[in-house]
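The values are calculated or read from the model by the stated rules, or taken from the named source; none is laboratory data. Bear in mind that the values here come from a model prediction, so they are computed numbers and not experimental data. Please note: Cβ atoms are built from the backbone with ideal geometry, for glycine as well, and neighbour counts cover all protein chains shown. All accessible areas refer to the heavy atoms of the entire protein, side chains included, with ligands and DNA or RNA removed. Shrake-Rupley method; radii C 1.70, N 1.55, O 1.52, S 1.80 Å.
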Amino acid sequence: DASTILGGMHEALIQLLWFVPWCWAVNISLNLLGYLKQRYPALERFDRAFDGGRRFIDGNRLLGESTTWLGFLLVLLLGVGGEALFAGHHVFLIAVLTFFGHALGSFIKRRLRMPGGAYLPIIDHADYVFCVGFVFLLYGYLSVQALSLALILTLILTPGVTLAAFRLGLRTRKL
């Protein structure tokens with residue numbers, strides 16, 4: 001029945017608008033941190049790779065240099081601040097899962113023996129949305145339709161946003 005389909009789509013859009021902006025905000029914040037570290041190299045003194053330089057059984061780095069403790073601290077602060085402002089909306093969980101989505105993407109790229117900074121389609125633009133969405137799907141906070149819409153929207157918009165950030169000097173790589 002058409003009303004059931006429209007009702008399900010309406011619910012998926014509500015869910016999409018509830019969780020995707022938080023994912024994107026955390027992702028953008030992590031990218032801005034990277035920009036600030038390039039602009040102000042002294043920040044590097046306060047940052048360390050999250051994996052501590054450890055190597056996996058394949059001999060490659062576990063995560064790499066771009067997944068850092070300073071990034072994790074930023075995510076925790078964003079999560080706590082977001083949760084304080086929007087209690088009950090799982091903002092803290094979204095922030096932490098966004099970070100670990102990036103870490104998972106980095107882990108996958110290292111297993112594929114990709115050098116740091118190399119671009120991997122889908123993984124580089126949607127790893128964090130997939131991680132958050134998958135966990136929220138398991139807990140029943142999100143529908144398959146909302147997760148699908150989030151991934152499609154992220155994969156469509158992110159390349160343009162990253163290219164614009166590159167042209168503005170906020171990124172060193174186009175993608």
- Message: I'm checking my understanding of the structure. Among residues of the stretch 39-74 that are of a type in the set (Gly, Ala, Ser) and touching a residue at least 24 places away in the same chain (Cβ under 8 Å), which one is most open to solvent (accessible area, probe 1.4 Å)?
- Response: Ser66
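Here's the yes/no breakdown for (1) crowded, with 19+ Cβ neighbours inside 10 Å; (2) not aromatic (Phe, Trp, Tyr):
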position: Val91; (1), (2): yes, yes
position: Gly105; (1), (2): yes, yes
position: Ile122; (1), (2): no, yes
position: Val129; (1), (2): yes, yes
position: Gly133; (1), (2): yes, yes
position: Gly140; (1), (2): no, yes
position: Val161; (1), (2): no, yes
position: Phe166; (1), (2): no, no
position: Leu175; (1), (2): no, yes
- Message: Cβ contacts < 6 Å: first residue in contact (Cβ under 8 Å) with a residue 12 or more places away in the chain and closer than 21 Å to Thr67 by Cα, restricted to the stretch 17-29; second residue open to solvent by 20 Å² or more (accessible area, probe 1.4 Å) and among the acidic types (Asp, Glu), any location; separation 6+ or different chain. Result?
- Response: none
- Task: Test Tyr40 against the criterion of being of a type in the set (Ser, Thr, Tyr) and under 19 Å from the mean Cα position of the chain (by Cα), and give yes or no.
- Result: no
- Query: From the list Leu6, Leu17, Leu77, which residue is more than 20 Å from Arg171 (Cβ to Cβ), modelled with pLDDT under 95, under 19 Å from the mean Cα position of the chain (by Cα) and open to solvent by 90 Å² or more (accessible area, probe 1.4 Å)?
  - Reply: Leu17
